[in-house]
Amino acid sequence: MNQLRNLTLVLLFTLLPLLPATAASVDAHFHFLSPGDASNQRWATYSSIFRGKVFSDSTLALKELKAAKVDKAVAISAGYFFIEEADAVKENDFTAQEIAKHPESFVGLCGINAGQAWALKEIERCKRLGFFGVKFHLTSAKVSLADKAQYAAFSKLVAKATELKMPVFLHVSYWVPQEVEAGISLSFEHPTGKFVYMHAFGPWYGHIFSLTASYLEDPKLVKNAYVDLSFTATYFNDAPASRKEDLVWTLRKFGIDRVFMGSDFPVSDVRAAFTDVRKYPLTKAELRGVEGANFEAFLRASGAKWGPQM
């Protein structure tokens, strides 16, 4: 009996390291905001979405994540929302400092207002601060990719981020098809970059088909595009089953291993967002990937790690 027990223990300790580890869950879309100054109209406007939480730092973030049983998050600086360089610098500094307090739990996106003359310089500075990637919110920056001159100017910012090996997280105007298609074309123009299309284009997730069709039409194209389901998973959580099935079918055609989950906190509650995505007809393996394993693989493929990229 003792020999059998010993043999069992030997096998257990031999095989245990070979078993796949449980993937950490990751909120790939979590907004940070400094305490700020209520007299700053831009800060006051942005802070209104935090619903009385005043601001979001690493302490609040960890509290929200723990309540939702989510392990890690992509901390997004609000720098992209500001027009004045000093305000953007302040926000990006704040988020970088908060990430450094809990490097095991956060990786950060530098917020850049693509419509400002200081944008290129701030991308370079953010790299030195240790940010993993860059977020552009073109709607709030009033940048139109359908305009050739504005597209060319923005493409230079993308080129700089790509040169610095910083993935581009992009929010375009999802209500204008030309803006979405122009945003998608950036991934083909910059094949060595990585692009995460935030919210999976929202209610117009069908635009993902443009990426899928392009990859099928030209197998030589680099599959450097990803999507996050923040907002969208919640938006359709009470939709008919057929609509949910259609969204999942679209994501599978695109590549379910290139799909991340995010809450878009504080627009959505973390726990509610992750509860919503579990209502979709995803397999257990697919759900495990969407909830965290896919982003972990993306981070590794980007040559990055959790915490500041120093």
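The values are calculated or read from the model by the stated rules, or taken from the named source; none is laboratory data. All values reported here derive from a predicted model rather than from experimental measurement. With ideal geometry, Cβ positions are generated from the backbone for all residues, glycine too; neighbour counts draw on all protein chains shown.
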| query | In the stretch 54-106, which residues are of a type in the set (Gly, Ala, Ser) and closer than 18 Å to Val26 by Cα? | reply | Ser56, Ser58, Ala61, Ala67, Ala68, Ala73, Ala75, Ser77, Ala100, Ser105
| query | Pairs, please: C-beta under 7 Å, at least 6 apart or cross-chain, first residue polar (S, T, N, Q) and in the stretch 133-146, second surrounded by fewer than 24 Cβ atoms within 10 Å (Cβ to Cβ) and part of a loop (DSSP other than H, G, I, E, B)? | reply | Thr139/Ser173
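Please enumerate the residues belonging to the stretch 72-96 that are among the aliphatic types (A, V, I, L, M) and assigned to a helix (DSSP H, G or I). Steps first, answer last, please.
First pass over the stretch 72-96, keeping only residues among the aliphatic types (A, V, I, L, M): 73-76, 78, 83, 86, 88-89, 96.
The answer is Ala78, Ala86, Ala88, Val89, Ala96.
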| request: Please give the helices (runs of 4 or more DSSP H) falling wholly within the stretch 97-195 in which 1 or more residues are aliphatic (A, V, I, L, M), more than 21 Å from Phe260 (Cβ to Cβ) and touching a Leu at 6+ places or on another chain (Cβ under 7 Å). | output: 119-129, 148-163, 177-189
| said: If Met310 satisfies all but one of (1) more than 24 Å from Leu33 (Cβ to Cβ); (2) exposed (fewer than 15 other Cβ atoms within 10 Å of the Cβ); (3) aliphatic (A, V, I, L, M), what's the number of the condition it fails? | reply: (1)
| remark: Residue set Leu282, Leu287; condition outside any helix (DSSP H, G or I) and of a type in the set (A, V, I, L, M); output residue Leu282
| request: Among residues belonging to the stretch 216-235 that are in contact (Cβ under 8 Å) with a residue 12 or more places away in the chain and either touching a Leu at 6+ places or on another chain (Cβ under 6 Å) or basic (Lys, Arg) (or both), point out the one that is nearest to Phe169 (Cα to Cα). | output: Ala225
| remark: Thr283 fails exactly one of (1) modelled with pLDDT under 95; (2) β-branched (Val, Ile, Thr); (3) loosely packed, with under 15 Cβ neighbours inside 10 Å, namely (1)
| Residue under evaluation Lys220, criteria (1) of a type outside the set (A, V, I, L, M, F, W, C); (2) buried (at least 23 other Cβ atoms within 10 Å of the Cβ); (3) on the phi < 0 side of the Ramachandran plot, criterion not met | (2)
| query | Quick one: is Lys69 closer than 24 Å to Leu287 by Cβ, out of contact with any strand residue (DSSP E or B) (no Cβ under 7 Å at 6 or more places or on another chain) and not aromatic (Phe, Trp, Tyr)? | reply | yes
| message | Restricting to the stretch 258-272, name every residue that is touching a residue at least 60 places away in the same chain (Cβ under 8 Å), under 16 Å from the mean Cα position of the chain (by Cα) and either crowded, with 19+ Cβ neighbours inside 10 Å or not in a loop (DSSP other than H, G, I, E, B) (or both). | response | Phe260, Met261, Gly262, Ser263, Asp264, Phe265, Pro266, Val270
| said: For the stretch 21-51, which positions are assigned to a loop (DSSP other than H, G, I, E, B), surrounded by 11 or more Cβ atoms within 10 Å (Cβ to Cβ) and under 22 Å from the mean Cα position of the chain (by Cα)? | reply: Ala23, Ala24, Ser25, Phe32, Ser34
| Among the residues of the stretch 204-216, is there at least one that is surrounded by 15 or more Cβ atoms within 10 Å (Cβ to Cβ) and within 15 Å of the chain's Cα centre (by Cα)? | no
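Answer yes or no: is there a residue in the stretch 102-115 that is without any contact (Cβ under 8 Å) to a residue 40 or more places away in the chain, surrounded by 17 or more Cβ atoms within 10 Å (Cβ to Cβ) and in contact with a strand residue (DSSP E or B) (Cβ under 9 Å, 6 or more places away or on another chain). Write out each step before concluding.
Taking the stretch 102-115 first, the residues without any contact (Cβ under 8 Å) to a residue 40 or more places away in the chain are 111, 113, 115.
Still in the running and surrounded by 17 or more Cβ atoms within 10 Å (Cβ to Cβ): 111, 113, 115.
Okay, now just the ones that are also in contact with a strand residue (DSSP E or B) (Cβ under 9 Å, 6 or more places away or on another chain), so 111, 113.
Yes, the stretch 102-115 contains at least one residue that is without any contact (Cβ under 8 Å) to a residue 40 or more places away in the chain, surrounded by 17 or more Cβ atoms within 10 Å (Cβ to Cβ) and in contact with a strand residue (DSSP E or B) (Cβ under 9 Å, 6 or more places away or on another chain).
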| task | Search the stretch 236-257 for residues that are in a helix (DSSP H, G or I) and pair each with any residue that is of a type in the set (D, E, K, R) when their beta-carbon atoms are under 9 Å apart and the residues are at least 6 apart or on different chains. | result | Lys244/Lys279; Val248/Glu286; Leu251/Arg258; Leu251/Glu286; Arg252/Glu286; Ile256/Glu286; Asp257/Glu286
